[in-house]
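In what follows, a single structure is set out as structure tokens and then discussed.
Each value in this text was obtained by applying a stated rule to the coordinates, not by laboratory testing. If you're wondering where the values come from, they're calculated on a predicted model, not measured in any experiment.
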Amino acid sequence: MKVMAIVAHMDDAEIYCGGTLRKYIERGDEVTVLVVTNGNKGSHTLSPEELTRVRREEQREACRRLGANEPMFYNYEDDMMIDSVQLRLDLVAAIRKVRPRVIITHTPQDGSNDHGMVGMGVTKALISLPFKNIPVEEEPMEEMPQVFFMEPAGGVGFMPEQYVDITDVQDKKVHAFMAYESQLAYDPRYLENIEVVGRFRGYQAGCRFGEAFQGYRFFGFMPDFKLLP
């Protein structure tokens, strides 16, 4: 099965669904990460251009550590995401290229502008996947992917519908995130987020560490939580 994580920034996949991605990989599924922004804002020392280069290499290393495919990158301006026709076309093109059965992305209600816009963009792109007249090169998709939303930083305001027990892969999730040396230098609290939120969701779900998800719903399209590992 093909799985796609569509995220706003380098490190979002590892922080919010890295354990789940690793569980997919360990059972033989194919995982691809798409990063939509250029990630060029979060540093006090690096220039925007240098930060993009560094963060993309860190994302590549994190994917290698997880066992995921080579990541895909768009170049939307970090912290400046807006809904646009081009964003929706780019998301349609990327999804059609990968042709995933499952997409994990940000909840549109995420308080981070970039996170929320990417999550909303994914849901708006779905309806265009089967249409031949959408102006992208990739061929239409007949089967609609299942979409699961991951929680925002700190789990603020997020009511889970399903949990994934990541206890046996928590160390691999942390190892993948540790590839982001520039992010850890800028704000080490993200490592605390992985530990504290993971323990909290695990406590809720009756395991040591967990990740939490919601399912996307649309007329004639309901979430199938059995597709989570």
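What to note about this one:
- The Kirkwood radius of segment 160-229, taken over pairs of alpha-carbon atoms, gives through the Stokes-Einstein law at 37 °C and 0.692 mPa s a diffusion coefficient of 242 µm² s⁻¹.
- Matching the structure-derived P(r) over Cα pairs in 10 Å bins from 0, in percent against the labelled list [x] 8, 30, 34, 19, 6, 2, 1, 0; [y] 8, 35, 39, 15, 2; [z] 7, 21, 20, 10, 6, 6, 5, 5, 5, 5, 4, 4, 2, 1, 0 gives the label [y].
- The alpha-carbon positions of segment 96-192 define a convex hull whose volume is 152 Å³ per residue.
- Segment 69-125 and segment 165-229 have Cα centres lying 19 Å from one another.
- Percent of beta bridges antiparallel (DSSP, the chain, rounded to nearest 5): 30
- The alpha carbons of segment 162-203 stretch over 31, 17, 14 Å along the principal axes, in descending order.
- Based on Cα contacts under 8 Å between residues 6+ apart, segment 29-173 shows a relative contact order of 22 percent.
- Restricting attention to the chain, the count of lysine pairs at 8 or more positions apart or across chains with alpha carbons under 28 Å apart stands at 24.
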